[in-house]
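The values are calculated or read from the model by the stated rules, or taken from the named source; none is laboratory data. Nothing here was measured: the structure is a model prediction, and the numbers come from that model. Here the Cβ positions follow ideal geometry from the backbone for every residue, glycine too, while neighbour counts run over all protein chains shown. Each accessible area value is taken on the protein alone, full model and side chains, heavy atoms only, with ligands, DNA and RNA left out. Shrake-Rupley method; radii C 1.70, N 1.55, O 1.52, S 1.80 Å.
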Amino acid sequence: MTPSPSLRPGRAWLGLLAVLVITHLPALLAPSTIQDEAVYVVVAREMLRGGRVYLDVIDRKPPLLFWLYQEILRYFGTSNWAALHIIDVLWVLATMGALAMVGRRIGGPATGLVAALLYPIFQTFWRVVNLAFNGEVLMNLPVVIGFWIAFRRGRSRWRPELLLAGAMPAVGFLLKQPAGIAGLPLGIYVLLPGYRRSRGLGWRESLVHGAWICLGFVAVFAGAAAVLQAQGLLREAFYWSVLNHDVPYGPLSSVFWQRGGRMMLIFSGCAAPLLYGTWQSLRRPDLWAGRGAERTALLVFLAVTLVGTAESGRFFDYYFIQILPPLCLLAAPWYAWSWQADSRPRRARWTGAWIAVWAIVFLITNTVEMPDALGQARVSRYIRAHSRPDDRLFVWGQYTKFYLHANLRPATRYIAFFPLTGYIFGSPWNRDPTHEDTRDRILPGSWDSLAQDFARHPPRYILDTEGNRHPPKYPMSDFPYLGNLVARDYELVFTAPEGLLYERRPTATRGAAPPPDPPARP
């Protein structure tokens, strides 16, 4: 496909930058963290104070994400949300650049620019949570770089740079686990007959290329394991980032199909222009002339990202961000062809207006939702007004953001209560006490660890986010150590929609050792 002679890359990239800034304006103006950013900041702050992730502060994300957040907070400040969101936008811009390079390889400069245009628009789809600097946004950059390296013309028939291509999905895994599956389409790509034919290679070279990709993939994990072992964190990192991620609602569960079907319908509506462009592109073999191997690799890429989105059975909104790179790359050739000077102007105007409307709708919905997403809870304002900097807080629930909003350090390594209760992420019964007793999933020894943490730094405040639910799924009274501790040493000082706030009595004694982990209810 021949690009339009009027195409000016410099001017085009200025336009793309304007689109990026406008679509991400709600995040750039946000005065606080967005969704999971609060969790990452709480963990990174503890790491900056000498704490060790997976030991002194618990979360289930891979280590590179926390190391990255730690460095951002180190250099820009622990409360510099503007810097955090500017880095977020720059990360998206880098992903757009990588998509442009891949698109250029499969269809020329115009295709690359279109792929870069589509990504920042649809990355913001539907809900403000998708503007967060989260694991899905982070992992897309190294994954797309891997495809750019693999698709480009190598200077050597043996292509040792494929070591780096294979390393990129592994780097993505260390930011968010589903990225690792993107190594499969890269490995398949270099074994395809079309790949060998287009580059004049034989089976021997193709197998060597596949070996490079595998070696690069393994080398990253070996290096990460060595670093974690040196820090004394390898066993804990493997448990929390891999083994703790069971799948209670797999494909044999009705929950999987109900939740998955609903979210796929929502995503299909939000990404309708991408899906339509992909369908039209795949119907036009001439748009992929001489690029059959790349087309196959991108289709496999799309398939594995769908698996990555669905494998946990949770189908959270932001999980769908990982589907966008293959969709943008598959749709871009058709949109680029539609917008060429020699194409029908009516089609160009129609498709351009269609995408513009989608961008405006996403911008409006995110702008409207942002105040509610960032709203400072009344209980957080109360804590800030009455606490001292050295006080500690314990939040009984899954709301790590309250540590950040209250500006107090956690009193325990368990910044969310899932290890203490067996809470299942994404369960439809997380607020229904009549279904799904999860006590058999409590982490062995977690209550002993909680008592040890409380003995070292007892919390001045305990926020019970379950206490204002009727009835609560996980009432503190069902957990003898915590229930007895609160009844003996704490008094209720503030009630808000976010929960019940207890303050430690001045005469309180240090907590006693906990009983064994609570047994499951009959």
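Select the helices (runs of 4 or more DSSP H) contained entirely in the stretch 166-248, then report the ones holding at least 3 residues which are more than 30 Å from Arg441 (Cα to Cα).
Once the helices (runs of 4 or more DSSP H) in the stretch 166-248 are filtered for at least 3 residues that are more than 30 Å from Arg441 (Cα to Cα), what remains is 183-189, 193-199, 203-230.
Within the stretch 231-249, which residues are among the acidic types (Asp, Glu) and either surrounded by fewer than 13 Cβ atoms within 10 Å (Cβ to Cβ) or touching a Cys at 6+ places or on another chain (Cβ under 9 Å) (or both)?
Matches in the stretch 231-249: Asp246 only.
Can you tell which of Leu327, Leu302 is closer than 21 Å to Met168 by Cβ and either touching a Phe, Trp or Tyr at 6+ places or on another chain (Cβ under 9 Å) or charged (D, E, K, R) (or both)?
Criteria check complete, one pass: Leu327.
Considering only the stretch 209-220, I want to know if a residue exists there that is open to solvent by less than 30 Å² (accessible area, probe 1.4 Å), among the aromatic types (Phe, Trp, Tyr) and out of contact with any Ser or Thr (no Cβ under 8 Å at 6 or more places or on another chain).
no
Please list, ordered by residue number, the helices (runs of 4 or more DSSP H) wholly in the stretch 8-50 having 1 or more residues that are of a type in the set (Lys, Arg).
Counting at least 1 such residues, we get 9-23, 37-48.
Just give me the residues in the stretch 349-388 being open to solvent by 50 Å² or more (accessible area, probe 1.4 Å) and under 24 Å from Asn407 (Cβ atoms), in sequence order.
Matches in the stretch 349-388: Pro371, Asp372, Gln376, Arg378, Arg381, Arg384, Ala385, His386, Arg388.
Could you tell me which residue of the stretch 152-185 is farthest from the chain's Cα centre (by Cα), considering only residues that are among the charged types (D, E, K, R) and surrounded by 20 or more Cβ atoms within 10 Å (Cβ to Cβ)?
Among residues in the stretch 152-185 that are among the charged types (D, E, K, R) and surrounded by 20 or more Cβ atoms within 10 Å (Cβ to Cβ), the one farthest from the chain's Cα centre (by Cα) is Arg159.
Taking the stretch 250-278, which residues are open to solvent by 20 Å² or more (accessible area, probe 1.4 Å) and either of a type in the set (Lys, Arg) or closer than 17 Å to Phe362 by Cβ (or both)?
Matches in the stretch 250-278: Arg259, Arg262, Ile266, Ser268, Gly269, Ala272, Leu275, Tyr276.
Inspect all residues belonging to the stretch 279-286 and state whether any of them is open to solvent by 20 Å² or more (accessible area, probe 1.4 Å), under 22 Å from Val143 (Cβ atoms) and assigned to a helix (DSSP H, G or I).
yes
Since Val307 meets every condition but one in (1) closer than 27 Å to Ala110 by Cα; (2) aliphatic (A, V, I, L, M); (3) touching a residue at least 40 places away in the same chain (Cβ under 8 Å); (4) open to solvent by 20 Å² or more (accessible area, probe 1.4 Å), which condition does it not meet?
So Val307 meets the others, but not (1).
Would you mind stating whether Arg346 is within 29 Å of the chain's Cα centre (by Cα) and not polar (S, T, N, Q)?
no
Looking at the structure I just gave you, is Arg521 in contact with a Gly (Cβ under 7 Å, 6 or more places away or on another chain), at pLDDT below 95 and basic (Lys, Arg)?
no
Could you go through the stretch 49-65 and let me know if any residue there is closer than 17 Å to Ala82 by Cα, in contact (Cβ under 8 Å) with a residue 24 or more places away in the chain and surrounded by fewer than 20 Cβ atoms within 10 Å (Cβ to Cβ).
Looking for residues that are closer than 17 Å to Ala82 by Cα, in contact (Cβ under 8 Å) with a residue 24 or more places away in the chain and surrounded by fewer than 20 Cβ atoms within 10 Å (Cβ to Cβ), one finds none in the stretch 49-65, hence no.
Where in the stretch 360-462 are there helices (runs of 4 or more DSSP H), lying wholly inside it, with at least 2 residues that are farther than 29 Å from Gln258 by Cβ?
378-386, 401-406, 446-456
Which of the residues spanning the stretch 174-209 are without any contact (Cβ under 8 Å) to a residue 60 or more places away in the chain, of a type in the set (Val, Ile, Thr) and touching a helix residue (DSSP H, G or I) at 6+ places or on another chain (Cβ under 6 Å)?
The one that is without any contact (Cβ under 8 Å) to a residue 60 or more places away in the chain, of a type in the set (Val, Ile, Thr) and touching a helix residue (DSSP H, G or I) at 6+ places or on another chain (Cβ under 6 Å): Val190.
Which residues, counting only those in the stretch 463-487, are acidic (Asp, Glu) and either assigned to a strand (DSSP E or B) or over 24 Å from Asp440 (Cα atoms) (or both)?
Within the stretch 463-487, just Asp464 meets the criteria.
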